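Participant: Have a look at this one.
We did not get these values from a lab; they are worked out from the coordinates using the rules stated. Predicted model only: the values in this text are computed from it and were never measured. Cβ: placed from backbone, ideal geometry, glycine included. Neighbour counts: every protein chain shown.
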Amino acid sequence: MLSPICLRSFLTVIDTGGFTEAARHLNATQSTISGHIKRLEEQAGHRLMERDRGGSVALTLQGRELIGYAREILRLDQEARSRLAGTSLTGLVRVGLPDDFASGRGFTQLLADFARQHPDARLEVEVGNRDRLLSALDVKRLDHVLTKQDRAAGGEILARRTVVWMGLTSTTGAVPLIVFPEPCIYRERAIRRLKKPGFPGQSPM
């Protein structure tokens, strides 16, 4: 039998692009992931991946053929567990995301995993700016919104990130900014900081 644990590691390596990111995603060590792949290759009776010194991963023919089966096995495994536990989701789930989240590889994979794990649920994703999404949440047009804010305004903090400046070490004129259109928390922070006394620069362009 093909181990679901090993299959999950196999797919995560493929989806994240390497063993390092797969280990981080699964909260495991690289040696653990490597062990899962080796065990899976023994179970399958074939070499599934080729890994070079730079960390790049290439699938063998058998590895490419296994992908679809692996996803289906894990989907059925999750569906069976959910059914037996009485936790299978049904109905419509409406989620709002900003563009930079929605286009990120991690979130697209997360949404795909949700759809596979809950086949009886219908997932709708709306992409838009923060104010539009929060307004849609207020009028119950969306069930959940994932966005960036200075602080949790009645929501749940999922992660904190440190914002840093990237660019010239010094400037003598107007400060050029590359930012998202309004409303954007990074844009607001940058302009607010530029307007503070003592900042080594002039007004933003």
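Participant: Within region 14-53, work out how many residues are in a helix (DSSP H, G or I), closer than 17 Å to Leu110 by Cβ and in contact with a Lys or Arg (Cβ under 9 Å, 6 or more places away or on another chain). Lay out the reasoning, then the answer.
Facilitator: Kept after step one, since they are in a helix (DSSP H, G or I), are these residues of region 14-53: 14-16, 19-25, 30-44.
If we keep only those that are closer than 17 Å to Leu110 by Cβ as well, we get 14-16, 21-22, 24-25.
Restricting the remaining residues to those that are in contact with a Lys or Arg (Cβ under 9 Å, 6 or more places away or on another chain) gives 15-16.
Going through region 14-53 one residue at a time, the tally reaches 2.
Participant: If a residue counts only when it is farther than 30 Å from Gly17 by Cβ, which helices (runs of 4 or more DSSP H) contained entirely in region 74-140 have at least 1 such residues?
Facilitator: Working: elements: 99-102, 105-117, 130-138.
Result: 130-138.
Participant: Another question, then. For region 54-66, how many residues are crowded, with 16+ Cβ neighbours inside 10 Å, among the hydrophobic types (A, V, I, L, M, F, W, C) and part of a helix (DSSP H, G or I)?
Facilitator: Residues of region 54-66 that are crowded, with 16+ Cβ neighbours inside 10 Å, as a first pass: 57, 59, 63, 66.
Next cut, among the hydrophobic types (A, V, I, L, M, F, W, C) only: 57, 59, 66.
Add one more test, that the residue is part of a helix (DSSP H, G or I), and what stays is 66.
Counting residues in region 54-66 that are crowded, with 16+ Cβ neighbours inside 10 Å, among the hydrophobic types (A, V, I, L, M, F, W, C) and part of a helix (DSSP H, G or I) gives 1.
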